[in-house]
Each structure stands twice: as C-alpha cells, then as structure tokens.
Amino acid sequence: MPPVLHPAISGSSGSFSVIAAPVGILLEALSTLLRSNQNQTLYLCGNYPQILTKLFVNHEHVKIRRALTAYQILTILEDADEPLILFEHDRSWYQDTPELIPIIGEICRRKSANLQMVLLFSDRVDRWFSEIDPYANRVVYYLDTLAKPRKNHSTPVNIQNTLEGLW
C-alpha cells in the first residue's frame with residue numbers, strides 16, 4: 001500500500017506526482033513521507049526554498065541539492081539515484097529557458113519508471129508549474145492554491161473632525 005502523505009495525498013514508488021497545495025498541507029505531507037522513508041532522499045530546490053526552511057530534515061537520510069538554473073536541474077536529476085526525489089518548484093528556473101520544461105518532465109517520468117518516486121510540489125500554481133502536468137502520473141491541485149489572494153479592504157472613514165478654537 002502506498003504511503004499516505006495527507007488524507008488526500010498518497011505516494012508510491014514508480015510514480016511522478018505533481019502537487020500544488022497550501023504550505024501547511026505540504027509540510028504535513030512531506031513530514032509524514034520523510035518520517036516513514038528510511039531510504040536516501042534527494043531534496044531538489046532553488047536558492048531560496050519556501051518549504052525546506054520550514055521542514056525538519058534528517059540530514060543523515062536527506063541530501064539537499066540547490067539549482068540556480070534549469071540546466072542545473074537537468075544535471076542533478078540525471079545524476080540522481082535516490083529512491084525518493086522531492087522537487088520543490090522554483091519559478092525563476094524557467095524564465096530564460098522555458099524550452100527545458102518538457103525535458104525536465106520527461107526525466108522525472110523516466111526516473112519514476114525506474115521505481116523511483118518523484119514528487120514535484122509548490123504552494124502556488126504558475127504557468128511553468130502547469131506545463132509539467134502532462135508528464136506526471138498523478139496531479140493534485142488544492143483549490144486554495146488556485147484562488148487569488150484576497151485584499152484586505154478596510155472601510156474608509158469619511159468623518160471630518162475640526163479643531164475647536166482654531167477658526
């Protein structure tokens with residue numbers, strides 16, 4: 001039976017999953033996965049990861065690799081032999097090289113075909129993230145990640161006060 005990461009998210013070896021969820025759900029799911037997994041794990045992220053900084057990581061089992069460009073992602077993924085690959089999405093990777101997205105998607109799919117579990121995740125959906133969807137075996141989007149943030153509109157105060165004695 002595949003490990004349950006969150007009541008609505010499960011993972012299994014031999015799958016490439018794409019997950020967009022609020023940070024709290026991602027933290028809960030990744031913590032559960034890391035606690036249950038005693039094998040070597042690769043955590044791939046950008047230079048300024050959002051999730052990794054909030055996640056407790058046992059460095060004995062988890063190797064963290066940071067990529068600054070999409071070309072570095074290709075190299076890291078090609079060299080990865082860990083049974084679990086956690087891949088934190090970084091929007092800045094693809095701005096200059098969007099043509100590499102299909103190649104990265106194919107590498108993730110190929111890695112999962114070799115009984116590796118590849119989990120690409122983000123707390124928001126953007127155009128680069130959604131372009132990787134077709135290569136995944138499983139795609140999970142939480143509706144909260146698709147909603148636009150609400151602006152805090154305070155009611156304007158239309159009261160004018162005058163100072164007595166000045167006029």
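The values are calculated or read from the model by the stated rules, or taken from the named source; none is laboratory data. A quick note: this is a predicted structure, and the numbers were derived from the prediction, not measured. Cβ placement follows ideal geometry from the backbone for every residue including glycine, while neighbour counts extend to all protein chains displayed. Just so you know, the surface numbers come from the protein's heavy atoms only, side chains and all, with ligands and any DNA or RNA stripped out. Shrake-Rupley method; radii C 1.70, N 1.55, O 1.52, S 1.80 Å.
Values for this structure:
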{"read-out": "Residue that is farthest from Ala113 (Cα to Cα) [pool: residues in region 123-133 that are touching a helix residue (DSSP H, G or I) at 6+ places or on another chain (Cβ under 7 Å) and assigned to a helix (DSSP H, G or I)]", "value": "Trp128"}
{"read-out": "Qualifying residues in region 50-74 (those that are part of a loop (DSSP other than H, G, I, E, B) and hydrophobic (A, V, I, L, M, F, W, C)) - the one farthest from Ser36 (Cα to Cα)", "value": "Leu68"}
{"read-out": "Flag for Asp123 being surrounded by 15 or more Cβ atoms within 10 Å (Cβ to Cβ) and among the charged types (D, E, K, R)", "value": "yes"}
{"read-out": "Those residues of region 75-102 which are assigned to a helix (DSSP H, G or I), closer than 18 Å to Val118 by Cβ and open to solvent by 30 Å² or more (accessible area, probe 1.4 Å), in sequence order", "value": "Thr75, Glu78, Asp79, Pro102"}
{"read-out": "Complete set of residues in region 103-116 that are open to solvent by 10 Å² or more (accessible area, probe 1.4 Å) and either assigned to a loop (DSSP other than H, G, I, E, B) or within 21 Å of Leu52 (Cα to Cα) (or both)", "value": "Asn114, Leu115, Gln116"}
